[in-house]
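Enquirer: Okay, handing you the structure first.
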Amino acid sequence: MFTGIIESLGTLDTLTPSGGDRRLHVSAPGLDFSGTHLGDSIAVNGVCLTVTDLSVDGFTADVSRETLEVTTLGDLGRGDRVNLERALALGDRLGGHLVSGHVDGVGELVSMEPDARSTRVRFRAPAALARYIAAKGSITIDGTSLTVNRVEGAEFEVNIIPHTRDLTRFSVYAPGTRVNLEVDLIARYLERLMLGDRAADPGAGAGAGDGGGTLSEDWLAEQGFPNHSGPRD
């Protein structure tokens with residue numbers, strides 16, 4: 001698990017083919033590896049990867065074909081900067097929100113506009129993820145925990161303060177940039193819970209538009225919630 005608070009920017013040294021998938025090496029002199037061991041997890045642009053080799057100022061990890069297909073790691077080239085966060089330890093401060101490092105989909109940056117000292121950034125999410133994105137809810141973009149300010153269909157906006165812009169990949173973003181998205185875990189589990197006994201049915205909750213996760217007064221009544229839809233004083 002992670003928090004979505006980026007600890008350091010690293011630099012991709014290599015992303016080389018290895019037995020049908022790829023192996024990457026990241027230099028990260030700004031990251032403290034003193035407590036990191038082989039087999040530990042590090043989020044790279046929001047993707048949870050397992051450390052397979054360590055050096056004084058960097059690490060190596062394998063990237064499977066599945067990960068390459070559903071994230072933007074395959075887009076990276078030598079010298080690209082990457083967001084890094086080591087796995088959360090029990091007792092650490094949770095400064096962002098609970099992040100699994102399992103990317104839900106790839107979004108696209110639509111626009112960037114100055115907003116006082118911050119920057120207003122609009123993204124377009126895959127249609128299947130739109131139902132999980134709520135105004136004032138949390139979302140993870142390339143591993144960075146952010147608050148959603150506005151939602152319009154599959155597009156949503158966040159505000160990036162100068163500190164976040166300077167210390168993450170937001171400093172190199174431009175319209176058209178592809179980003180890794182992870183929606184709030186609570187939204188995922190709530191949808192699954194709403195399926196009830198139908199969760200075991202083949203295809204239940206498989207994608208947007210299946211109707212399995214619709215929140216309604218009837219469903220709430222079935223779960224024992226009181227009906228407050230009548231007249232109020």
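Enquirer: How many residues, within region 138-172, are part of a loop (DSSP other than H, G, I, E, B) and open to solvent by 20 Å² or more (accessible area, probe 1.4 Å)?
Expert: Final tally of qualifying residues: 4.
Enquirer: Kindly establish whether Gly79 is outside any strand (DSSP E or B) and either in contact with a Pro (Cβ under 7 Å, 6 or more places away or on another chain) or on the phi > 0 side of the Ramachandran plot (or both). Before the answer, list the steps.
Expert: Working: outside any strand (DSSP E or B): yes; either in contact with a Pro (Cβ under 7 Å, 6 or more places away or on another chain) or on the phi > 0 side of the Ramachandran plot (or both): yes.
For Gly79, the condition - outside any strand (DSSP E or B) and either in contact with a Pro (Cβ under 7 Å, 6 or more places away or on another chain) or on the phi > 0 side of the Ramachandran plot (or both) - is met.
Enquirer: Is there a residue being under 29 Å from Asp184 (Cβ atoms), assigned to a loop (DSSP other than H, G, I, E, B) and of a type outside the set (A, V, I, L, M) anywhere in region 16-32?
Expert: Yes, that holds for at least one residue.
Enquirer: Kindly indicate which of Val99, Val103 is in contact with a Gly (Cβ under 7 Å, 6 or more places away or on another chain), at pLDDT 95 or above and at negative phi.
Expert: Val103
Enquirer: I would also like to ask the following. Which numbered condition trips up Ser111, out of (1) open to solvent by 10 Å² or more (accessible area, probe 1.4 Å); (2) touching a residue at least 12 places away in the same chain (Cβ under 8 Å); (3) outside any strand (DSSP E or B)?
Expert: Exception for Ser111: condition (3).
Enquirer: Listed residues Gly95, Gly74; which is part of a loop (DSSP other than H, G, I, E, B) and either of a type in the set (S, T, N, Q) or within 17 Å of the chain's Cα centre (by Cα) (or both)? Break it down stepwise before answering.
Expert: Numbers: Gly74 fails: part of a loop (DSSP other than H, G, I, E, B).
Testing whether each residue is part of a loop (DSSP other than H, G, I, E, B) and either of a type in the set (S, T, N, Q) or within 17 Å of the chain's Cα centre (by Cα) (or both) leaves just Gly95.
Enquirer: Okay, next question. If you go through region 1-58, how many residues are open to solvent by 50 Å² or more (accessible area, probe 1.4 Å), within 18 Å of the chain's Cα centre (by Cα) and farther than 21 Å from Glu69 by Cβ?
Expert: Summing the residues that are open to solvent by 50 Å² or more (accessible area, probe 1.4 Å), within 18 Å of the chain's Cα centre (by Cα) and farther than 21 Å from Glu69 by Cβ in region 1-58 gives 3.
Enquirer: Take Asn227 and tell me if it is open to solvent by 40 Å² or more (accessible area, probe 1.4 Å) and at pLDDT 95 or above. It would help to see each step written out before you state the result.
Expert: Numbers: open to solvent by 40 Å² or more (accessible area, probe 1.4 Å): yes; at pLDDT 95 or above: no.
Criteria not met by Asn227.
Enquirer: Moving to a separate point now. Examine region 73-80 for a residue that is more than 14 Å from Ser8 (Cα to Cα) and crowded, with 21+ Cβ neighbours inside 10 Å, and state whether such a residue exists.
Expert: Of region 73-80, the ones more than 14 Å from Ser8 (Cα to Cα) are 73-79.
Checking the rest, the ones that are also crowded, with 21+ Cβ neighbours inside 10 Å come to 73.
Within region 73-80 (the criterion being more than 14 Å from Ser8 (Cα to Cα) and crowded, with 21+ Cβ neighbours inside 10 Å), the answer is yes, since at least one residue qualifies.
Enquirer: Find all pairs meeting these conditions: Cβ atoms under 6 angstrom apart; at least six residues apart or on different chains; first residue within region 43-70 and under 13 Å from His25 (Cα atoms); second residue assigned to a helix (DSSP H, G or I).
Expert: Val63/Leu73
The values are calculated or read from the model by the stated rules, or taken from the named source; none is laboratory data. Just so it is clear, the model here is predicted, and its values are computed rather than measured. All Cβ positions, glycine included, derive from the backbone under ideal geometry; neighbour counts span all protein chains shown. When the accessible area is computed, the model is the full protein with side chains, heavy atoms only, and any ligands, DNA or RNA have been set aside. Shrake-Rupley method; radii C 1.70, N 1.55, O 1.52, S 1.80 Å.
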